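No lab work stands behind these numbers, since they all come straight from the coordinates. These figures come from a predicted structure and were not determined experimentally. Every residue, glycine as well, gets a Cβ built from its backbone with ideal geometry; the counts of neighbours run over all protein chains shown.
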Amino acid sequence: KATIYHCGKQPQLNNPKLLPQSSRLGLLLSCIRGGDNDVDDKVFQKEENQTTTKFGLRKKTGMTLALLTSYFAVMAAKCSLPSTLPLLLSSTNSGLVYPGGKLLSPQLHISKMLTLSTLTIALGKLLLGPVIDSIGGIPSLQSCLLLISLLLAVISQTTHFKILAWSWIAIDGLFSACWPSVLKCIRERFDEEEWGGMIGNVAAGARLGNAVAFAVFGRVLLMGNAAGKAGEIVGESGAWRGVFRLSAALPLLPLILLKVYGANPQSQTAAVTAASIEPSTNTAQKGEHQQQN
């Protein structure tokens, strides 16, 4: 039996004498053109690998920045309440209406709020883990950031302490889901050997968010108090509102980055493959036309 190489692919064992003359001629032409097909396959594979490498590097860099800014924004927003507590504890210039009038002091209301928010953080860590696993890291993190931003905006506009309290309790519940969501994103988008470095980067972003937030929020409060003394609209009662407005704007940047760089990896791979196939297909078609001519 003779060995016949069909199109430069897997060798097939067959007896060419048993084939008609036209089939022998077809096999011969296929063998002659098989070398060109192998060259096209190698070129296509090289182009696909190069495109995928550049594509993946850009996406990983974008995702790294998205996760770092996400936890920077979350930890900075968490500093908004401690930064404004002295103003919130003052019933005369806080601009808030406390339930019960003068019967209950603002300190008692805030202590109840902080107790419930601490319990909410503990319950959130226990209950939200399965939800994050089921819907994925990026959708979970996007939902948390969006809701935190909206609730902080509500706090910055309200005049009732009840709305502020329940909004902050909800923020603490969402805060408990942010770190598991970040870890899920790292597991989904990065290789196992990169997990340790990524967790370190996100932790550094969190510490940086704490440090920067207190400095910036303190400056905002000073500017608000100075404006109030100058007779402007802000006043001391509105100084703390500026802190919460700034906190509400912080999650917008990571939300944009997650939208841009957090697409489904399968759809990204399909897009890269389609972009790589098009030039290789054109090259193969030109080769066939030249052989026919």
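Here's how it looks for residue 97: its modeled amide H is under 5 Å from those of 160, 161, which are all 5 or more places away or on a different chain.
In the range 56-162, a dipole from Cβ-located charges (positive for Lys and Arg, negative for Asp and Glu) runs towards its positive end, and of 120, 89, 148 it is 148 whose Cα lies farthest in that direction. Once the Cα-Cα distance is subtracted from the 0.36 nm per residue extended length, the residue 112 to residue 60 segment shows a gain of 14.4 nm. Using a simple spin-label model with pseudo-atoms 7 Å out from Cα toward Cβ, residue 153 and residue 126 lie 3.4 nm apart.
Inter-label distance, residue 162 to residue 215: 4.1 nm, where each label sits 7 Å from its Cα along the C-beta direction. Summing Lys and Arg as +1 and Asp and Glu as -1 over all other residues whose Cβ lies under 13 Å from the Cβ of residue 165 gives a net charge of +1. In this structure, residue 187 and residue 97 have a Cβ-Cβ separation that, at R0 = 41 Å, corresponds to a calculated FRET efficiency of about 0.35.
With a cut-off of 14 Å between beta carbons, the residues surrounding residue 248 carry a summed charge of +3, where Lys and Arg count +1 and Asp and Glu -1.
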